[in-house]
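Student: Submitted below is the structure of interest, expressed as C-alpha cells.
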Ligand code: SAM
Ligand code: SF4
C-alpha cells in the first residue's frame, strides 16, 4: 500500500541540487527488456538483468510516493519497454493515486498500446510519448530490427482513441537511416494532431553497426530540411525540459528538437532518473548514481529512501559532456538501462 504522508507534501519541490536547480521530474525505468532492438539504443545481442534485481511493482510504487512527498510533481514511466513489464497497469494506478502528482507520463514503443491504452488512461496516465523513427515499413523494421510498423500505427490509433491529453512522437534522427523522412514525419504528426520531437542520438552504450559520429545530424539541419516542405515558426511553448519548439501555422502540433550536442540544456535541468534496479542516476550523461534499492528493501515506508534521495542531490553533476565526434560511448550503459 502506498503511504499517504500528508505532512511532507508541499507544492514546491524540496529537492534542490548543488547548482540551485529544483528537481520536479523523475523518470522511472520499470524494465531493461524490450521487444524491439532499435539500432541506436541496443546491440543485437543483449544480456538483460535477472528479474530479482529489478525493483518490484510495490517498491516502484513506494519510490513514486517518496518522490512526490519530496515535491516531485511529474513522473514518467519508461524502460526498456515499460508495457512488457508485468504489473505495469497496477503500478500506474498506484502512481495515479499519489497526492501531489500533476503529470503521470509514459514513454513506449506502442507495440502493446492497442491492448493497454484504455486501462492506462483509466489508471491516470495523462501523457504518452511514442517512439516512431520511420513511416516506411521496411525501414522501420530495419531500424528497430524487429518492429512491425502497422502494429505501432495501430497502437498510436489506440492511444488517440483512449483520449490522452497529448500524444508525442519521438524520433531519433540518423543521417543515413531516416533523417530524410523528417518532413514526412512532421506532416504525419500534423495530420494526426500529435506532437513530435526529434532527438539527436546520444553516445550511450557500445553499438557496432553504425558510427554515431557518421550518423550525426543536428537539429538545425533537420529544421532546415523540414522548412523546405513546411513553414516553421518558433513557438514560445516551454515544457521546462530540453526541447525547443516550433509550429506550423494553422496546426496545434508542437514540433520539438532535443539537441544534447548542438544546444546544451543542462543549466535548466529539472530531472533525475531511476534505473530498473533502483539506481538513482543524477545525469543521463555522467556516471554518478546512488542506490535506492537497499533503503527500499531494508525499510518499510518512504522515510529512509527519502533521506537517501535528498542527500543524493548534492551529487548531481553540472552538465553532460557529450560531443558530436563521439563514436566510443561516453556512458557504457545503454539507453534501455538508463530509463530513456
Ligand atoms: N521503449 C520505449 C520507447 O522506445 O519509447 C521507452 C524507452 S526508450 C529507451 C526512450 C527513448 O529513448 C526513445 O524515444 C528512444 O528513441 C530514445 N533513445 C534510445 N537510445 C537513444 C540514444 N542513444 N540517443 C538518443 N535517444 C535514444
Ligand atoms: Fe526498445 Fe525503446 Fe530502446 Fe527501441 S528505443 S530498443 S523500443 S527501449
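Only the coordinates and a few stated rules stand behind these numbers; no lab work does. It should be emphasised that the depicted structure is a prediction, and the values quoted were computed from it without experimental measurement. We place every Cβ from the backbone using ideal geometry, glycine too, and count neighbours over all the protein chains shown.
Student: How big, on average over all directions, is the shadow cast by the Cα convex hull of the stretch 159-287, in nm²? Don't skip to the answer; put the middle values down first.
Tutor: Working: hull surface 38.5 nm².
Taking the Cα atoms of the stretch 159-287, their convex hull projects to 9.6 nm² on average.
Student: Right, here's the next one. For the stretch 64-170, what are Rg and Dmax over the alpha carbons, in angstrom?
Tutor: 14.3, 46
Student: In degrees, nearest 10, range 0 to 90: what is the angle between the Cα axis of helix 149-162 and the longest Cα principal axis of the chain?
Tutor: The helix 149-162 is inclined about 60 degrees to the chain.
Student: When only Cα pairs under 8 Å and 6 or more residues apart are kept, what is the percent relative contact order across the chain? Let's see the in-between values first.
Tutor: Details: 715 pairs, mean separation 74.4, N = 340.
Relative contact order for the chain comes out at 22 percent.
Student: Want the number for residue 318 to residue 122: 0.36 nm per residue separation, take away the alpha-carbon distance, what's left?
Tutor: 66.7 nm
Student: Calculate the spin-label point distance for residue 192 paired with residue 151, positioning each point 7 Å from the Cα along the beta-carbon direction, and give it in nanometres.
Tutor: According to this spin-label approximation, the distance is 1.6 nm.
Student: Still on this structure, please answer the following. If you take the beta carbon distance between residue 287 and residue 135 as r and set R0 to 41 Å, what does 1/(1 + (r/R0)^6) give as a FRET efficiency, to the nearest 0.05? Please report the intermediate quantities before stating the final value.
Tutor: Details: r = 36 Å, r/R0 = 0.89.
The pair residue 287/residue 135 has a calculated efficiency of 0.65.
Student: Taking the Cβ of each residue in 131, 29, 13, 268 as the centre, tally the other Cβ atoms inside 10 Å and list the residues starting with the fewest.
Tutor: Ranking 131, 29, 13, 268 by Cβ neighbours within 10 Å, fewest first, gives 268, 13, 131, 29.
Student: Out of all DSSP beta bridges in the stretch 6-337, what portion is antiparallel? Express it as a percent rounded to 5.
Tutor: Antiparallel bridges make up about 25 percent of those DSSP assigns within the stretch 6-337.
Student: Roughly speaking, what is the stretch gain from residue 228 to residue 102, that is 0.36 nm per residue apart minus the C-alpha to C-alpha distance, in nm to one decimal?
Tutor: 41.5 nm
Student: To continue, here is another question. Given labels modelled 7 Å from the Cα in the Cβ direction, how far is it in nm from residue 251 to residue 35?
Tutor: 2.8
Student: Right, another one. Of the beta bridges DSSP finds with both residues in the stretch 146-285, what % are antiparallel, to the nearest 5?
Tutor: 40
Student: Another one. When ranked by the protection proxy of mean other Cβ atoms within 10 Å per residue, highest first, what sequence do the peptides 95-104, 48-57 form?
Tutor: Values: 95-104: 17.7, 48-57: 15.0.
Ranking, from highest mean packing down: 95-104, 48-57.
Student: Mind giving me the FRET efficiency for residue 166 and residue 267? R0 is 35 Å, r the Cβ-Cβ distance, nearest 0.05 is fine.
Tutor: FRET efficiency, residue 166 to residue 267: 0.85.
Student: Along the principal axes of its C-alpha atoms, what lengths does the stretch 6-337 span, in descending order and rounded to whole Å?
Tutor: Result, largest extent first: 56, 42, 42 Å.
Student: Moving to a separate point now. Using only helices, what value at 222 nm comes out for the chain when you add -39,500 (n - 2.57) per DSSP H run of length 4 or more and divide by the total residues, to the nearest 500 deg cm²/dmol? Working shown, then result.
Tutor: Working: 10 runs with 95 residues, N = 340.
Helix contribution divided over all residues of the chain: -8000 deg cm²/dmol.
Student: Kindly express, to the nearest 10 degrees and within the range 0 to 90, the angle between helix 57-69's C-alpha long axis and the longest C-alpha principal axis of the chain.
Tutor: Once rounded, one gets 80 degrees.
Student: Let me ask something else about it. Zone of residue 58 (label point 7 Å along Cα→Cβ, backbone N under 12 Å): which residues in the stretch 294-318?
Tutor: Correct set: 297-301.
Student: Calculate how steeply helix 182-192 sits against the longest principal axis of the alpha-carbon atoms of the chain, using the helix alpha-carbon long axis, and give the answer as 0 to 90 degrees to the nearest 10.
Tutor: 70
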